[in-house]
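Chemist: First, the structure itself, so that you have it in front of you.
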Amino acid sequence: MGNSVTGIVKDVTAGYWNPAGLLSAPETPEFALMHSEYFAGIAKYDYAAFTMPVQDDARIGISLIRLGVDDIANTLNLIDGNGNINYDNITKFSVSDFAAIFSYARPLPFLKNVRFGANAKIIYRNVGTFANAWGFGLDAGFQYDYKRLKMGLTIKDITSTFNAWSYNTSTFQDAFLATGNVIPVNSLEITLPSMRGGAGYLFWPEKKFNLLASVDLNIGFDGKRNVLANLGPVSIDPTMGLEVGFKKLAFLRGGFSNLQKTVQDDLKSVWTVFPTVGAGFAIKSFQIDYALTNVGNFSQVLYSHLFSLKFTWDKSLFSK
């Protein structure tokens, strides 16, 4: 749905999108898994999540994420000390980003129909044996319902997220000096705060077929995003999604994101968009979802297939 789920997410995946949405999940534990691949399988994205209710109408969750490129050839030692090419010296390494997101959500007693959630994120990034970084960040989210209108707000990296990089220069220093490359030094990478607000509305909820429409606004403050609206340091990127449901058993979805103007090789400026379509099927306690991005080759991003599986614990399945 073009990532337009800030106001409508209501399951285990809310730990990623908007932690406040965990409170709308079923009253039993939920599990989710997702796998996707980019650039003909070169990059792989894996996701796992779990949530369960706790006392005082609260809910906790954990989400684990890995985005990585594996089997990259290390050719630093391809040429030996005698100037000969030795392919046996080629080794492989991976570049990966890992994240663990710990979520907590509860109602706000002094604001009716308002749900609140927070995330604590631990981030680990590594470039083989050459470098790695550790980071920590905080998110906050809110959701509010007014009849069939659902609204949400997520504030990511509230205090900014800091990733401290350290380099194992002994693994590449000789090769860098011989080729005139700059030896990197330990550094700090900062992710500035951003906000995402959204709303969704469900049409014909009591009918066999219903329609869910949602819109999100992704607001950045780093001044470095090429999106629809650039207002100095502030940028606004709108997204939109639609879902047609049948008896809560089958779903057809579509949406778009990354609406922006790009410059082609002939120096002409054109508008590009990142469209998505997908489908979902609910079978008892399981839900299987599939999405395909870049339908019709409207953007310059390659096709990507995304598969996810969700399981909701149903006590009746295990009772005698």
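Just so you know, all these numbers are worked out from the coordinates, no wet-lab data involved. Worth saying up front: this structure is predicted, and the values here are computed from it rather than measured. A quick note on method: Cβ atoms are made from the backbone with ideal geometry, for glycine too, and the neighbour counts reach across all protein chains shown.
Chemist: Among V273, V54, V215, whose mean-square fluctuation peaks in a Gaussian network model of the chain (Cα, cutoff 10 Å)?
Modeler: V54
Chemist: So how much slack lies between A250 and V114, counting 0.36 nm per residue of separation and subtracting their Cα-Cα distance, in nm?
Modeler: Values: separation 136, 0.36 × 136 = 48.96 nm, distance 2.91 nm.
Between A250 and V114, full extension yields 46.0 nm more.
Chemist: Under a crude label model (7 Å from the Cα following the beta-carbon direction), how far is T28 from I79 in nanometres?
Modeler: 6.5 nm
Chemist: What is the extension gain from W134 to D57, computed as 0.36 nm multiplied by their sequence separation minus the C-alpha to C-alpha distance, in nm to one decimal?
Modeler: Values: separation 77, 0.36 × 77 = 27.72 nm, distance 3.32 nm.
Length gained, W134 through D57: 24.4 nm.
Chemist: Could you list, bin by bin from short to long, the percent of Cα-Cα pairs of the chain in 10 Å steps?
Modeler: The distribution over the chain is 5, 20, 31, 23, 12, 6, 2, 0, given as percents.
Chemist: Any of K147/K248; K150/K207; K44/K284; K147/K284; K156/K310 with alpha carbons more than 22 Å apart? Name them for me.
Modeler: Numbers: K147/K248 19 Å; K150/K207 19 Å; K44/K284 29 Å; K147/K284 27 Å; K156/K310 25 Å.
Those over the limit are K44/K284; K147/K284; K156/K310.
Chemist: Could you give me the ³J(HN,Hα) list for the range 30-39, computed from phi with Karplus coefficients 6.51, -1.76, 1.60 and θ = phi - 60°, whole Hz, x at Gly and Pro?
Modeler: Once rounded to whole Hz, the list reads 10, 10, 8, 9, 9, 9, 8, 10, 10, 6.
Chemist: Taking the Cα atoms of the range 1-146, report the difference between the largest and smallest coordinate on each principal axis, in whole Å and largest first.
Modeler: In descending order, the Cα extents are 75, 28, 23 Å.
Chemist: Step through the residues of the range 271-286 one at a time and calculate ³J(HN,Hα) from phi using the Karplus curve (6.51 cos²θ - 1.76 cosθ + 1.60, θ = phi - 60°), rounding each to whole Hz and writing x for Gly and Pro.
Modeler: 7, 10, 9, 10, x, 9, 9, x, 8, x, 9, 9, 10, 6, 8, 10
Chemist: Mean-square fluctuation check for the chain, GNM, Cα pairs under 10 Å: which of R196, R253, R225 is largest?
Modeler: Sorting by GNM fluctuation, first place goes to R225.
Chemist: What FRET efficiency, computed as 1/(1 + (r/R0)^6) with R0 = 51 Å and r the Cβ-Cβ distance, is obtained for A279 and Y87, rounded to the nearest 0.05? Please report the intermediate quantities before stating the final value.
Modeler: Values: r = 46 Å, r/R0 = 0.90.
Efficiency, from the Cβ-Cβ distance: 0.65.
Chemist: What range in the chain is the longest one free of GluC sites (Glu not before Pro) that are in a loop by DSSP and have at most 15 other Cβ atoms within 10 angstrom? Write out the running numbers ahead of the final one.
Modeler: Numbers: sites that count: E27, E206.
Maximal segment without exposed cleavage sites: 28-205.
Chemist: If you don't mind, another one. In debye, nearest 20, what is the charge dipole magnitude of the chain about its Cα centre with +1 on Lys and Arg Cβ and -1 on Asp and Glu Cβ, if you could check? Provide the component values of the computation, followed by the final result.
Modeler: Numbers: 28 positive and 26 negative charges, 305 e Å.
Its charge dipole is roughly 1460 debye.
Chemist: Something else about it: Per-residue ellipticity at 222 nm for the chain, helices alone: DSSP H runs ≥ 4 residues times -39500 (n - 2.57), over residue total, nearest 500 deg cm²/dmol?
Modeler: Working: 2 runs with 11 residues, N = 320.
Roughly -500 deg cm²/dmol at 222 nm, from the helical runs in the chain.
Chemist: Would you list D11, D80 from fewest to most Cβ contacts within 10 Å? Please list the in-between numbers first.
Modeler: Details: D11 20, D80 11.
Going from least to most buried by this count: D80, D11.
Chemist: Separate question: Explain nothing, just compute: Karplus ³J(HN,Hα) = 6.51 cos²θ - 1.76 cosθ + 1.60, θ = phi - 60°, for every residue of the range 244-258 in order, whole Hz, x for Gly and Pro.
Modeler: These are the phi-based 3J(HN,Hα) values: 9, x, 10, 6, 6, 10, 9, 9, 10, 10, x, x, 8, 8, 6 Hz.
Chemist: Springs between alpha-carbon pairs under 10 angstrom, Gaussian network model over the chain: which of K92, K268, K224 fluctuates most?
Modeler: It is K268.
Chemist: According to a simple spin-label model (label point 7 Å from Cα along Cα-to-Cβ), what is the distance in nm between L211 and S94?
Modeler: That separation, rounded to one decimal, is 4.5 nm.
Chemist: How are the C-alpha pair distances of the range 12-79 spread across 5 Å bins, as whole percents from the shortest bin up?
Modeler: Reading upward from the zero bin: 4, 15, 20, 14, 11, 10, 8, 6, 4, 3, 2, 1, 0.
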